[in-house]
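J.: Attaching a single structure in structure tokens format; questions to follow.
Every read-out reported here was derived from the displayed coordinates using simple, explicitly stated rules and does not represent laboratory data. Keep in mind the model is a prediction, meaning the values are calculated, not measured. Methodologically, a virtual Cβ is constructed for each residue, glycine included, from the backbone with ideal geometry; neighbour enumeration extends over all protein chains shown.
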Amino acid sequence: MIAPGSDLWNRLAALVVALSDRLHDAAALQPETRLVDDVGLSSLMVVNLVLDCEREFGFVVLEEDFDHAETMADLALLLERRLGTPADEARG
């Protein structure tokens, strides 16, 4: 399981906070935080988050994979699978 405070988590949280109108502190993000309901991302913001993740982490995020990412934990686990390394050990 990913750990808040890890390198991957911090990089992902920074991307989410940059897009959110509601959230201004990455420390408030927890694994159970919902991207739409809690963070307030619109469908357009989610598309932007996908693009930002692709640039930040250097791979293509498949739309069908991202559609199932409802929480921060879902998103981090998706990135973990794509990177092929435990999320709390991933480095940029």
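J.: Expected output is a single nm value to one decimal: the length gained when fully extending between V60 and A3, i.e. 0.36 nm times separation in residues minus the C-alpha distance. What is it?
T.: Details: separation 57, 0.36 × 57 = 20.52 nm, distance 2.31 nm.
That works out to 18.2 nm of additional length.
J.: Report which label in [x] -0.25; [y] -0.52; [z] -0.37 holds the value of log10 I(q)/I(0) by the Debye sum over Cα atoms at q = 0.11 Å⁻¹ derived from the coordinates of this structure.
T.: Comparing each candidate, only [x] matches the computed number.
J.: How high is the FRET efficiency between L51 and A27 when r is their beta carbon distance and R₀ equals 41 Å, given to the nearest 0.05?
T.: Working: r = 25 Å, r/R0 = 0.60.
So, using R0 = 41 Å, E works out to roughly 0.95.
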